[in-house]
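The values are calculated or read from the model by the stated rules, or taken from the named source; none is laboratory data. Quantities reported herein were computed from a predicted structural model and do not represent experimental measurements. Quick reminder, even Gly has a Cβ in these numbers, built from the backbone with ideal geometry, and neighbours come from all protein chains shown. All accessible areas refer to the heavy atoms of the entire protein, side chains included, with ligands and DNA or RNA removed. Shrake-Rupley method; radii C 1.70, N 1.55, O 1.52, S 1.80 Å.
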Amino acid sequence: MVQSVVVLGSTGSIGRSALAVLRENRERFRLLGLAAGSNMRLLTDQVTEFGPEAVAVKSRQDARELAQRFPRLKTLHGNEGLEEIASLPGADCVIAAVNGTDGLQAAFATVRLKRRLCLANKETLVVAGDLITHEAAARGAEIIPIDSEQSAIFQCLAPGSARHLRRVILTASGGPFFKERRRDFASITVQEALAHPTWSMGRKITIDSATLMNKALEVIEARHLFALRPQQIEVVIHPQSVVHSLVEFIDSSVLAQLGIPDMRLPILYSLSHPQRLPGSCHSLDLAALGRLEFFPVDHERFPSIRMAHDVLRQGKDAGAVFNAANEVAVEHFLAGRIPFPAIFTTVARMLEDWDFRPPAGLDDVLASVAKAREKTVEFIKKEVRR
Ligand code: MG
């Protein structure tokens, strides 16, 4: 049976890989709708190639231009447009790969309509994990992770085996500064921080890899996806990005999922689960690799993982504050306004000063996000900016 798929964030790194997966499996999947930000050139190519029924973009102006160019295409815009695309009648799966918290309502709409949410967007679970997992459980909707580490854990858990879990071990590439043990972090330039050793990704997530904030967000994600206690989630540095993560059961048996670093693999699995489909990723050649290396996290230099555990112990809106503070700090670092280590101090300070409250719904979450962003900007202006 052909599955109808919606891709949110189709012009980003994950979105392009998702369309590559659909292109390679046309007999299985049909692209029903897509949403993008403002990369109109690529979006136009995608619409021409896949002929979706509907498209959502950020601005009204871009939506108008698309409508003129493709008269039979349903065009939408703004956050409501994103939500409407996710709610298109007939959609089976929604691939959520929008950056940041913009995709929050669309993710909720997907779950509410009992569609499969193939989740690449980290913020959804970091910011609103309790709300969306409760909603998914209440509706009987599936959330299948695309993030390579979460996909690995998901793939290692046979049905019913989660209750025998002792811990999960997330692997982290360590980013570009892992090997420079004596490097003064204050001298790190934007260019250096953007040079990721193994994965090719967007700018924000590449900086998050360099700070291990990306792994910290994944610690929070894992807690919600697999209903874990904070102390059950560990991180190990694995620069080759071949072992995508591991699970250990109560009998000390450890399972891992391996593969070359290629996002098409977890994307395809999120769509095909519980089946598997032939993929076009290269096979893993272990003998050519020779060995796999693992190292402990240096929590003194990279305090991100500890902050994530604090966030989990705190609960309430701590995830929203953590994520918002980091987003703002990274924006300022990328703009050359604050030094690299100020990302850590800024996020730590925001968590210290916050008056935590449990969100009753999505509106509360978004209010916490907006307020935390505002406070972080203020803090940077007053105390960090150079
Ligand atoms: Mg990841």
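The table below gives the values:
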| read-out | value |
| --- | --- |
| Fully extended contour minus Cα-Cα distance, from GLN105 to SER59, at 0.36 nm per residue | 14.8 nm |
| Solvent accessible area, Å² - ARG30, 1.4 Å probe, full protein context | 100 Å² |
| Accessible-area order (highest first, 1.4 angstrom probe) of the listed residues ASP262, ASP102 | ASP102, ASP262 |
| Theoretical gain in end-to-end length, LEU277 to HIS164 [0.36 nm per residue, Cα-Cα removed] | 37.9 nm |
| Rounded to the nearest 10 Å², the accessible area of MET201 at probe 1.4 Å | 60 Å² |
| The range 243-309, relative contact order [Cα under 8 Å, separation at least 6], % | 20 percent |
| Accessible area in square angstrom per residue, the range 22-167, 1.4 angstrom probe | 45 Å² |
| Residue-normalised accessible area of the range 223-333, given per residue in Å² at a 1.4 Å probe | 45 Å² |
| Unit charges on C-beta of K, R, D, E only; dipole of the chain, Debye | 300 debye |
| Relative contact order (%) - the range 1-113, alpha-carbon pairs under 8 angstrom, separation at least six | 31 percent |
| Mean ellipticity per residue at 222 nm, deg cm²/dmol - from DSSP H runs of n ≥ 4 across the chain, formula -39500 (n - 2.57) | -13500 deg cm²/dmol |
| Span from the the range 82-98 Cα centroid across to the the range 336-386 one, whole angstrom | 30 Å |
| Pairwise centroid distance, computed over Cα atoms, of the range 201-267 with the range 315-333, Å | 20 Å |
| Cα centroid separation, the range 14-37 to the range 109-163 (Å) | 20 Å |
| Label point distance in nm, LEU255-LYS371, each placed 7 Å from Cα along Cα→Cβ | 4.3 nm |
| 30 Å Cα-Cα threshold exceeded, pairs from LYS122/LYS179; LYS179/LYS316; LYS122/LYS375; LYS58/LYS179; LYS204/LYS382 | LYS179/LYS316; LYS58/LYS179 |
| Those residues of the range 9-51 whose amide nitrogen sits under 16 Å from the label point placed on ASP92, 7 Å along Cα→Cβ | 21-33 |
| Candidates LEU119, LEU286, LEU73: whichever shows maximal mean-square fluctuation once the chain is modelled as a Gaussian network with Cα springs under 10 Å | LEU286 |
| Span-rule helices in the chain, defined as complete DSSP H runs reaching 20 Å or more along the axis (Cα) with Kyte mean at least -0.5 | 123-139, 318-334, 362-379 |
| Nearest-10 value in Å² for the accessible area of ASP285, using the 1.4 Å probe | 90 Å² |
| Nearest-0.05 FRET efficiency for GLU24 and ARG69, computed from C-beta distance (R0 41 Å) | 0.95 |
| Rounded percent of accessible protein surface that carbon and sulfur make up, the chain, 1.4 Å probe | 49 percent |
| Furthest towards positive pole of dipole, SER148, GLY100, GLN68, structure part the chain, Cβ charges | GLN68 |
| For the range 276-386, convex hull volume per residue from C-alpha positions, Å³ | 205 Å³ |
| Total charge dipole magnitude, the range 3-145, about the Cα centre, Cβ charges on Lys, Arg, Asp, Glu only, Debye to nearest 20 | 300 debye |
| Potential lengthening between LYS381 and THR48 on full extension [0.36 nm per residue; Cα-Cα distance subtracted] | 115.4 nm |
| Where a label projected 7 Å from the Cα of VAL190 along Cα→Cβ would reach, residues of the range 1-25 with amide N under 14 Å | none |
| Descending semi-axes in whole angstrom, ellipsoid equivalent of the chain, from the Cα gyration tensor | 31, 26, 21 |
| Antiparallel bridge percentage (DSSP; both residues within the chain; nearest 5) | 30 percent |
| Length-normalised contact order for the chain - Cα pairs under 8 Å, 6+ apart - percent | 14 percent |
